[in-house]
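One structure below.
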Amino acid sequence: MGKREECRRSGEKSLPRAKRPLLCREPTVWSSKKIAKMALALIPMLALAFLTFYANLHVLAYRQYSKNQVGDLPVERACLVLGTSKFLVGGGENLFYSYRMEAASEAYAAGKCAKLVVSGDNRHKSYNEPQTMKKSLVERGVPADDIFCDYAGERTFDSVVRFKHIFGQVSGIVISQEFHNARAIYIGRANGINLTGFNAREVTTDKSFRTELREVFSRIRAVIDVELLHSEPRHYGDKIPL
């Protein structure tokens with residue numbers, strides 16, 4: 001007697017399918033409608049996977065335009081220093097910030113740029129990245145008259161595009177960590193700004209892993225801004241000659 005005949009005689013086949021032993025269940029019948037629904041559900045997931053792969057591979061290719069040694073940098077009129085918070089959320093030194101200030105002062109001292117544009121978030125009076133960066137750079141020996149604040153650098157895209165439209169630069173040196181510089185250079189070159197990156201020292205902590213993980217999604221947004229939406233900065237304003 002076959003197993004399925006045993007199931008029929010024992011009454012197990014009268015139970016709901018999910019409660020029957022595996023050998024007593026009929027094979028699943030996949031209708032064309034069910035297959036079509038599953039295929040439609042997979043399309044957004046596949047599209048997101050492709051976009052993630054393409055955006056990250058494409059943007060990371062721009063690392064080739066960054067330098068680790070100050071002596072390898074070209075001489076430019078200005079350096080663009082990308083902002084971040086000086087302190088961590090839970091307190092303590094933010095090494096991303098400290099290393100960027102170190103790299104900016106080094107580039108200036110080496111004569112690689114005559115002016116520094118410090119660009120960051122100034123969302124309210126108690127949070128002012130550009131002024132904080134300017135103060136730190138003055139403490140490192142950079143003359144205050146050679147530091148220009150961009151208060152509307154709410155995100156990297158805005159900082160880079162404003163470097164051209166507000167500060168009049170079509171080339172320059174961008175200063176941040178390597179993973180961040182790649183995205184800034186990609187945005188710049190897509191907007192007619194020939195940027196070279198100067199890589200600040202990398203940060204090797206648990207927080208750096210989270211920062212670089214966020215960067216995966218930031219690259220996707222950069223590609224969407226540049227190649228699909230042709231985005232503009234949130235704010236423009238009066239020209240500021242350097």
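The values are calculated or read from the model by the stated rules, or taken from the named source; none is laboratory data. All values reported here derive from a predicted model rather than from experimental measurement. Methodologically, a virtual Cβ is constructed for each residue, glycine included, from the backbone with ideal geometry; neighbour enumeration extends over all protein chains shown.
If we scan segment 96-109, do we find a residue that is modelled with pLDDT of 95 or more, more than 18 Å from the chain's Cα centre (by Cα) and not in a helix (DSSP H, G or I)?
no
Given (1) touching an Asp or Glu at 6+ places or on another chain (Cβ under 8 Å); (2) of a type in the set (S, T, N, Q); (3) under 16 Å from Y186 (Cα atoms), where does Q64 come up short, assuming only one miss?
Unmet condition: (1).
Restricting to segment 173-221, name every residue that is among the hydrophobic types (A, V, I, L, M, F, W, C), within 21 Å of L57 (Cβ to Cβ) and in contact with a Gly (Cβ under 9 Å, 6 or more places away or on another chain).
V174, A182, A184, I185, L195
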